[in-house]
Amino acid sequence: MIRIPHLSATEAANRLAKFGPNALSEASAHSPLSIFIDQFKNILVLMLMGAAGLSFILGDELDGILILTILILNAILGFVQEYKAEKALSALKRMTVGMVKVLRDNSMVELPSTAIVPGDIIFLEEGDKVPADAVLIEALHVEFNEAALTGESLPVEKNTTTDNAVYMGTIVTRGRATAKVTQTGMRTKFGSIATKLGEITDEETPLEKKMAILGKQLGVVALSAAGIIFGLGFLRRDPLFESILTAISLAVAAVPEGLPAVVTITLAVGTQRMARQRAILRKLSAIESLGSVTVIATDKTGTLTQNDMRVTDVWIAGTAHKVKDLQKKKSAQLEELLEVGVLCNNASLTKVYKGEPPTVIGDKTEGSLLLFSHDVGKAPEEFRDDGTFVEEFAFTSLLKMMTVVWKQGKQAVAFTKGAPEVILANCDRYKIGGNIVPLTPAHRKKIETAFRSFASKGLRMIALAKKDIVWKNQAREKVESDLIFLGFVGIADPPRPQIADAVRLAQRAGITTVMITGDNELTAAAIGEEIGLLKNGDQVLTGAQLASLSDAQATRALTNTRIFARTTPEQKYRIVSLLQKMGHVVAVTGDGVNDALALKQADVGVAMGITGTDVAKEASDMIITDDNYASLVIAIEEGRTIFDNIKSTTKYLIGCNLGEIGAITGGVLLGWPFILSPLHILYVNLVTDGLPAIGLSLTPKQGDIMTQKPRTEKTIFNTHDVIWFIEVGLITTAATLISFTIGSRVDVTLGRTLAFLAIILAQQYIFYDIASRNKTILKLSPRRFPWILLPVAIMIVQILLLEVPAFEHVFETTAPPIIFSVASVALTSLLLIVSELRKKFGRHLYYHH
């Protein structure tokens, strides 16, 4: 029973209503109005607005109205995209709320940090981020990193007397503590600087930076073409205003000003889709690396396995037992074993309601020992009420054991648990049949054989020991030596059902999976074989073996090592670094404080959402909310899809723009009148850069995306893409110029009408070429991808619009005879014919990934 005065659920609810959620108010950096105004903060758009104003001054109100109308429609489209992206990214931030252990109604519960209120009693341990300002009421060797507030990176030791204040946003770097919340949300010390935090803008991702550079490069091409057009028009003595307006319109149409918005919305919508698949991206920059991952370095417990741990087997007094049999064979030695497991333990169980089994709060391995006690009919509270806590020596990945000192009456007792080989090495006596006997080499050999037997079944093992001591604040080494070995338990943690399929899927995608675990090598190997990770020729390397190898030797060993067992976090970091030096792009999973090094070093650091400490989450690029390896593989698949969609959308916009530049510039170089009017160019820009581009950005994942090897290009486009740009640019230019030639034999208006129609048709065919990737367009399914119907609709509507007198009057077109329209359709369909031939006979030359 917990005796600290605390809040009831009812009182906490009242305080939550009074003080509000424990969250910092986030002033959006972009209001809807500012997003809309930003659509006009482009020098080319401003020039067009000036041209519209000039049209009104010169008495050409119709052109002025149309230019402004198209600009406003473009701005609305850009606003909708950016606003949707802003909301999506804001929603993603809200998904990363941490969980806190809180005392409510005499029971420890886990709640979202937003539900904490002043007066709550919270429990903090190593790796936790402090959720609110509080004062310590219990502290055990506790230290805090307050760099988030003070900038000082060295940890600060706190106690319950002289320095007992802890603050929101700081990190527990060592020890454990219980604290009473004093302030939440904006009333915290951290909240007082929230305004400044709100002014910090998100940094551009590497992908966004590449896109910005690409946009500028294309802008130079467009402005050069516009300069040529204006210069030649001036030399030909074309009407000055028409030359200026045509040049500006081409520059506006050719510069993919919609590209940043399309990239942002693709990232935002894609990451929301990933979040629904239980993968939350903390840093958008990880998207690019995610699609290039060649190695996944994963933990075992809870990631490959279910993390539903139960003690199934027990070895005590020289004999192995099943837990179900021990319920009928209770003994004094079993009770001693249970006592160590319960008292040397920082987990807790929930209250039992209406016959429901208790659940674990805290570490699942420790929790399994509490459940073991509960299962054999001994409530953990019975042990805790019979004595007083004195001291704790925490588990470390280096020592691989934990000890607590309890006082029972006048006698102090050290209770120790940990890795079997470590505990056995620190014991010199052994309890059997109620007698304590010297631990002889024969006894050690028998116990080690039992270890191997348990491990070969895939069981995790924890050994337990104790000794009576005279407590004089002695050093840890003294307390943990010369122990009495009591026995060990085997904990079943079976693989997750979907893991074997996920490992196979990763292998098909060219991704190697490596297990890095602190567990025994036999236990790890048994799980590895069960899930298909460990195959003939693959080896298991222990941390001790790895430590004995030089970097050159370790690099050679890494080529066929699939499991690293009994490793430390420092060795995990070394493994990741060596894999990267070998040229691999590495995704690493981690949950502990010391995993932060490896998570930061990795190309994609993946923290566990359930078992992960706040420190691990802060160091990560992505959080897997269900701690499941399969979710990471799905996230890689989604990451590939997001990058694929961004690349496809960019290709579409650039391919279309190159066709426009080629056709208009080609006509001028041939000495023809402008083959498209400024209004034609702006209209095409609206139709092309608008809805079809968004449609491509929302393309569902391709069925074969996980049969392709990881992307290795450092740039967005490769040589094959450049060939594709030349191909579609030349065909679009030729089809548009020929269409103009055919029509202009009748008159220039018909020539412009056919060129106008040709360039719109060409861009819809380019859409189908890209949407179908490296497959025939006949494989496109409207049921899977409804957006493929959009280009058909655009083409039909465009042909019908050319028959409408009002459209003819506004855009200075004429209704073309059917034979001429058919000619434009036939000429531009060459894009589809070449596309189909390329995909059938030159598939090795066509890559979108």
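The values are calculated or read from the model by the stated rules, or taken from the named source; none is laboratory data. Keep in mind that what you see is a predicted model, and the values were worked out from it rather than measured. Cβ: placed from backbone, ideal geometry, glycine included. Neighbour counts: every protein chain shown. Quick note on the areas: whole protein, heavy atoms, side chains included, nothing else; ligands and nucleic acids left out. Shrake-Rupley method; radii C 1.70, N 1.55, O 1.52, S 1.80 Å.
Annotations for the structure displayed:
- Nearest-0.05 FRET efficiency for N435 and A500, computed from C-beta distance (R0 51 Å): 0.65
- The chain - percent of accessible surface contributed by carbon and sulfur, probe 1.4 Å: 60
- In this simple spin-label model, placing a label point 7 Å from the Cα along the Cα-to-Cβ direction at both E110 and K407 gives a separation of 3.4 nm.
- Per-selection Rg to Rh, the range 455-613 - Cα, Kirkwood hydrodynamic radius: 1.03
- Backbone N under 11 Å from the V748 label point (7 Å along Cα→Cβ), restricted to the range 636-672: 672
- Surface exposure of the chain, expressed per residue as accessible area with a 1.4 Å probe, stands at 43 Å².
- Beta bridges assigned by DSSP with both partners in the chain are antiparallel in approximately 75 percent of cases.
- Shape box of the chain [Cα atoms, principal axes, largest first, Å]: 113, 62, 51
- Calculated FRET efficiency, L235 to S31, Cβ-Cβ distance, R0 = 45 Å: about 0.40 to the nearest 0.05.
- At R0 = 60 Å, FRET efficiency that the Cβ-Cβ distance of V834 and E570 yields, to 0.05: 0.60
- Fully extending the segment from I4 to T160 would add 54.7 nm, taking 0.36 nm per residue of separation and subtracting the current Cα-Cα distance.
- Residue order for R752, R784 - accessible surface, 1.4 angstrom probe, largest first: R784, R752
- Where both bridge residues fall in the range 441-595, DSSP classifies roughly 55% of the beta bridges as antiparallel.
- Under Karplus coefficients 6.51, -1.76 and 1.60, residue-wise ³J(HN,Hα) of the range 416-432 in Hz, glycine/proline x: 10, 9, x, 4, x, 5, 6, 4, 4, 5, 8, 9, 10, 9, 8, 9, 8
- Max-minus-min Cα coordinates of the range 630-699 on each principal axis give 61, 20, 10 Å, with the largest extent listed first.
- By accessible area with a 1.4 Å probe, ligands and nucleic acids excluded, highest first: order of S397, S55: S397, S55
- Kyte-Doolittle at least 0.0, axis length at least 30 Å by Cα - qualifying DSSP helices, the chain: 61-94, 206-235, 629-669, 719-744, 748-771
- Taken along the Cα-to-beta-carbon direction at a fixed 7 Å, the label points for L670 and E530 span 7.2 nm.
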